[in-house]
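Participant: Structure below; questions to follow.
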Amino acid sequence: MFDPTIFDNLKVVMEGRLYDLDAEGSIRITGREDLIDLAALSRTFRMTIQPARGRCSAVVTLTSGLTDFAMERRIARPAELRCGAELQLALELPASYQPYSGALHDYLTRLWGEEADIRHTLSVPLLPSQGGAQLWAADAPDMYRIVIRFARKIDESHIEDLEQWLDIAAMGLAHVEERRNLE
């Protein structure tokens, strides 16, 4: 019989809670990926969500690698490492949100606290010039992305926390969508 890993158990909870939020009408699920990287022997589960109405989206990602699997199966267990899965939230916003980056950062810091590493990136499309050798940036940025990585790995002891975390992520996405909350 198959003995599920920490990753498998967390994935089921994450997927179930997001589908519950979708059924309640709080969010819409717009993407789902369940990936196995055979070269690195890692697993990634990713779901993309949007508020019930809006243009912003969030990508919730759960990852686990070979080291986590080996530690869980007690094949290798360095004392300083903890097995589990890593959790990440990436907000994908229209570039027009960029002027609110300070307010967004403050809001997300209040929401997630010191556990989160928050990084902002702004994407600008590059187009080839007439000569083909140089690239130039288009006039306006294309997308504004905020990636929130959590410092500690999670395991089955964090299942209730994971459900609350997903609820907060959905609520935070809806708050960010309403740009007037940032002004």
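Please treat every number below as a calculation from the coordinates, not as lab data. For clarity, every value in this text was computed on a predicted model and none was experimentally measured. Cβ sites come from the backbone with ideal geometry, for glycine too, and all protein chains shown count toward neighbours.
Participant: Roughly how many nanometres apart are two label points built 7 Å out from the Cα toward the Cβ at Arg73 and His175?
Facilitator: Going by the 7 Å Cα→Cβ label model, 4.2 nm.
Participant: Given axes a ≥ b ≥ c from the Cα gyration tensor, I'd like to know whether region 1-43 is rounded (a/c under 1.5), prolate (a/b larger than b/c) or oblate.
Facilitator: oblate
Participant: What's the whole-number percent of alpha carbon pairs in region 52-124 lying beyond 15 angstrom? Let's see the in-between values first.
Facilitator: Numbers: 1774 of 2628 pairs.
Above the 15 Å cut-off, region 52-124 has 68 percent of its Cα pairs.
Participant: Quick one: net charge around Thr48, please, counting Lys, Arg +1 and Asp, Glu -1 for every other residue with C-beta under 12 Å from its C-beta.
Facilitator: Its environment carries a net charge of 0.
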